[in-house]
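The values are calculated or read from the model by the stated rules, or taken from the named source; none is laboratory data. None of these values were measured; they are calculated from a predicted model. Glycine gets a Cβ as well: all are built from the backbone with ideal geometry, and neighbour counts include every protein chain shown.
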Amino acid sequence: MKILKKSSQEVKKEDAHGGSGSRKLYISDNEFSTIQGMTYGWLPVGNKYEWHQHENIDEIMYVIKGNGIVKDEDGEYPYNPGDIFMYPANVFHEIYNNGNIESEYIFVRIHNTK
């Protein structure tokens, strides 16, 4: 079989960002040459993924559930289900759940070779 298959149930849930949220790492570094990782993330109400950046990694975030705020050095941007955010490599950002339910996201991190 040349196609790789994983079941979501096989992937264990783990703490993310020091325990402020949690995630399942569906694709890990080195499974594909350009993908650093693909995760399903959860962020409880009132928690945040504190200011951080991904060195030489571009990141895409798709909001599945919940509402909150994404911040970068230029401002704050509300998020809602269906929104997509693209974080270029080395850009500091923060994600804050100020809504009334746990937020859920899909993150895809891609090696930036520029």
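Observations on the structure shown:
- Count of segment 40-82 residues which are over 21 Å from Leu25 (Cα atoms) and not hydroxyl-bearing (Ser, Thr, Tyr): 14
- Options Glu31, Glu14, Glu10: the member that is farther than 29 Å from Lys114 by Cα, at pLDDT below 95 and either surrounded by 12 or more Cβ atoms within 10 Å (Cβ to Cβ) or in contact with a strand residue (DSSP E or B) (Cβ under 7 Å, 6 or more places away or on another chain) (or both): Glu14
- Within segment 72-90, if we keep just the residues that are in contact with a strand residue (DSSP E or B) (Cβ under 8 Å, 6 or more places away or on another chain) and charged (D, E, K, R), the residue that is nearest to Glu104 (Cα to Cα) turns out to be Asp83.
- Being under 24 Å from Glu31 (Cβ atoms), touching a strand residue (DSSP E or B) at 6+ places or on another chain (Cβ under 6 Å) and not in a strand (DSSP E or B) is a condition met by no residue of segment 96-103.
- In the set Glu50, Glu59, only one residue is under 18 Å from His17 (Cβ atoms) and in contact with a His (Cβ under 7 Å, 6 or more places away or on another chain); that residue is Glu50.
- Elements of the type strands (runs of 3 or more DSSP E) sitting completely within segment 5-81 and holding at least 3 residues that are out of contact with any Cys (no Cβ under 7 Å at 6 or more places or on another chain) and without any contact (Cβ under 8 Å) to a residue 40 or more places away in the chain: these cover 13-16, 21-27, 68-72, 75-79.
- Flag if Tyr77 is surrounded by 18 or more Cβ atoms within 10 Å (Cβ to Cβ) and either of a type outside the set (Lys, Arg) or touching a His at 6+ places or on another chain (Cβ under 7 Å) (or both): no
- Scanning segment 32-71 for residues that are under 18 Å from Ile110 (Cβ atoms) and of a type in the set (Asp, Glu) turns up Glu55, Asp58, Glu59.
- Top-ranked residue in segment 92-113 [being under 14 Å from the mean Cα position of the chain (by Cα) and without any contact (Cβ under 8 Å) to a residue 60 or more places away in the chain; ranked as nearest to Pro44 (Cα to Cα)]: Asn97
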